[in-house]
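The structure under discussion appears below in the form of structure tokens.
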Amino acid sequence: MSWQLALTLDRSATRRPLAGQIRDGIRRAVEEGTLRPGTRLPSSRSLAVDLGVSRSVLVEAYAQLTAEGYLTTRRGSGSRVARPAAPREPARSALLSPPAGGPGPQPDPAVRDLRTGTGVVRSFPHQEWLRCASTVIRGADSVGLGYGPTAGQPALRQVLAGYLGRVRGVRTTGDDVMVTAGFAQGLALLCQVLRARGLEAVAVEDPGHPGEREFIARSGLEVVGIPVDADGLRVDALAASGVRAVLVTPGNQFPLSVPLGDGRRAELLAWAQECDGLVIEDDFDGGFLPAGRRGPALQSLAPDRVVYAGSTSKVLAPALRLGWLAGPSWLVGELEEVRVGWDLGCSGLEQLTLARFLDTGGLDRHLRRLDADLRGRRAVVREALAGLPGVEPVGAREQDGGLQAHLRLPAGAGTADEEALVRAAARRGVLVRGGGHYALDRAGWPPAVVVNYASPTVSALTEGMAVLAELLAHCRADAA
Ligand SMILES: Cc1ncc(COP(=O)(O)O)c(C=O)c1O
């Protein structure tokens with residue numbers, strides 16, 4: 001292995017021998033921390049060639065640094081930066097020491113994390129993705145390895161247009177699809193376009209995704225919360241707000257897990273038409289809607305008024321950082337203009353891998369496998385709550401899809417009960433979020449907990465649900 005090293009030599013400094021310059025350079029880099037403990041250095045032979053000096057100069061410099069304790073040298077494995085002596089144990093405060101006579105109370109090591117935030121990364125299709133990536137990389141020529149169009153690799157945009165049309169009824173073409181670094185970047189770009197058009201605010205569902213609200217606010221736009229009920233976004237409240245752009249999750253409201261009703265869909269599109277407004281459709285978990293409930297995306301009803309947004313984060317893995325927007329041509333043009341000053345597009349190789357994965361049916365197969373798994377998990381949630389008739393697991397019922405369940409606390413419970421339940425669950429090693437975490441207007445919201453049943457292992461979910469059911473039963477008794 002021919003390791004490289006950043007070192008400059010001043011050959012005009014005749015009074016400073018090269019061995020000394022090399023020694024000083026390495027010593028300084030170790031002291032400043034740019035050469036970290038354990039870092040492997042090039043062999044004296046290869047560094048001598050790189051620096052154009054005789055090997056004996058390097059042998060002398062390495063020997064000196066080893067003698068000074070900067071390097072360790074082992075026959076056969078070369079020289080490495082020495083590790084500092086082990087730091088001394090910090091003095092223990094008497095207050096933190098376990099009481100005499102035995103260990104003190106220990107935190108539960110088995111944390112069951114049921115918080116929303118990740119998708120189903122446990123099930124990432126490693127082998128199939130690897131096969132697609134390998135085909136793409138092996139076939140990459142100078143075009144594939146170069147810069148692609150900022151809006152995304154044409155091959156992926158074409159494939160996405162076809163895929164979204166087939167599974168979500170999205171009416172678009174490759175030219176009107178933009179590939180982004182997740183929905184997060186898509187939303188940030190959209191906010192810039194809206195600002196450039198003179199808008200000052202974006203309406204969001206309340207409750208909704210706190211991270212999305214943050215993105216909007218950071219772009220300089222006001223975030224206006226619009227209440228949601230069992231039928232989805234309250235379009236009457238949206239119309240009354242006077243705001244002309246709205247971010248919605250019509251397929252499966254986040255985090256209430258209810259679809260936007262047909263009547264509300266029509267009202268929302270009429271609102272957009274009337275006020276020359278824009279609807280941003282966040283279809284983050286559209287892939288997990290059950291076949292019978294997978295109506296076409298809202299965008300299919302008004303492609304000139306709705307920009308459709310999707311992402312690999314829930315269906316595959318957030319680490320891919322790939323998302324897409326499908327919008328009216330004028331909007332995609334304006335998005336491209338804003339993006340020119342931002343970046344030079346997403347990784348071309350990842351995009352082409354996704355294109356191949358979609359084109360060869362990889363995502364269809366993956367989602368079909370997950371469908372059975374998620375149905376089993378919803379049953380785990382329902383069974384845990386079966387003894388609590390007042391607690392309906394919206395999002396985990398037979399007819400539901402998505403990745404999380406919204407559990408309203410029993411009638412009579414208040415915000416303080418929600419907070420107490422979340423704390424009590426944490427004390428027992430179950431991490432869960434209260435409904436208040438997602439609400440903009442906390443006062444308007446009945447207390448609840450939101451359970452991400454998709455991400456934990458089945459045993460963590462089963463154990464976590466058992467704890468929650470017990471706490472909910474107490475809550476019920478207290479509220480009665
Ligand atoms: C409501 C919602 N929309 C969109 C996303 C996807 O965001 P991104 O693609 O930036 O990871 C998430 C992911 O957590 C989400 O919860």
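In the set (1) farther than 30 Å from N452 by Cβ; (2) open to solvent by less than 60 Å² (accessible area, probe 1.4 Å), G182 fails one condition alone, (1). Residues that are modelled with pLDDT under 95 and either within 16 Å of the ligand (Cβ to nearest atom) or open to solvent by less than 20 Å² (accessible area, probe 1.4 Å) (or both) within the range 301-342 comprise just one, W342.
State all residues of the range 123-151 that are in a helix (DSSP H, G or I) and exposed (fewer than 14 other Cβ atoms within 10 Å of the Cβ); if no residue qualifies, say none. Those that are in a helix (DSSP H, G or I) and exposed (fewer than 14 other Cβ atoms within 10 Å of the Cβ): H126, Q127, L130, S134, I137, R138, G139. Please work out if L289 is surrounded by fewer than 22 Cβ atoms within 10 Å (Cβ to Cβ), under 21 Å from the mean Cα position of the chain (by Cα) and more than 11 Å from the ligand (Cβ to nearest atom). For L289, the condition - surrounded by fewer than 22 Cβ atoms within 10 Å (Cβ to Cβ), under 21 Å from the mean Cα position of the chain (by Cα) and more than 11 Å from the ligand (Cβ to nearest atom) - is met.
Do we find that E274 is away from the ligand (no atom under 16 Å from the Cβ), farther than 20 Å from L189 by Cα and either over 27 Å from the mean Cα position of the chain (by Cα) or not assigned by TED's automatic domain parsing to the domain that holds P446 (or both) in this structure?
Values: away from the ligand (no atom under 16 Å from the Cβ): yes; farther than 20 Å from L189 by Cα: yes; either over 27 Å from the mean Cα position of the chain (by Cα) or not assigned by TED's automatic domain parsing to the domain that holds P446 (or both): yes.
Against the criterion (away from the ligand (no atom under 16 Å from the Cβ), farther than 20 Å from L189 by Cα and either over 27 Å from the mean Cα position of the chain (by Cα) or not assigned by TED's automatic domain parsing to the domain that holds P446 (or both)), E274 qualifies.
Elements of the type strands (runs of 3 or more DSSP E) sitting completely within the range 158-267 and holding at least 2 residues that are away from the ligand (no atom under 16 Å from the Cβ): these cover 222-229. Restricting V307, V381 to residues that are β-branched (V, I, T) and over 16 Å from L187 (Cα atoms) narrows the list to V381.
State whether the residues of the range 344-355 include one that is open to solvent by 40 Å² or more (accessible area, probe 1.4 Å), within 16 Å of the ligand (Cβ to nearest atom) and modelled with pLDDT of 95 or more. Scanning the range 344-355 turns up at least one residue that is open to solvent by 40 Å² or more (accessible area, probe 1.4 Å), within 16 Å of the ligand (Cβ to nearest atom) and modelled with pLDDT of 95 or more.
Looking at this structure, is L370 surrounded by 19 or more Cβ atoms within 10 Å (Cβ to Cβ) and over 24 Å from the mean Cα position of the chain (by Cα)? When the stated conditions are applied, L370 does not pass them. Among the residues making up the range 446-471, those that are under 16 Å from E392 (Cβ atoms), over 25 Å from the mean Cα position of the chain (by Cα) and among the hydrophobic types (A, V, I, L, M, F, W, C) are L468, A469. Any idea how many residues of the range 405-423 are over 13 Å from L388 (Cβ atoms) and assigned to a loop (DSSP other than H, G, I, E, B)? So the answer is 2.
The values are calculated or read from the model by the stated rules, or taken from the named source; none is laboratory data. Here the structure is a predicted model, which is why all the values come from computation and not from measurement. We place every Cβ from the backbone using ideal geometry, glycine too, and count neighbours over all the protein chains shown. These accessible areas exclude ligands, DNA and RNA; they are computed on the full protein's heavy atoms, side chains included. Shrake-Rupley method; radii C 1.70, N 1.55, O 1.52, S 1.80 Å.
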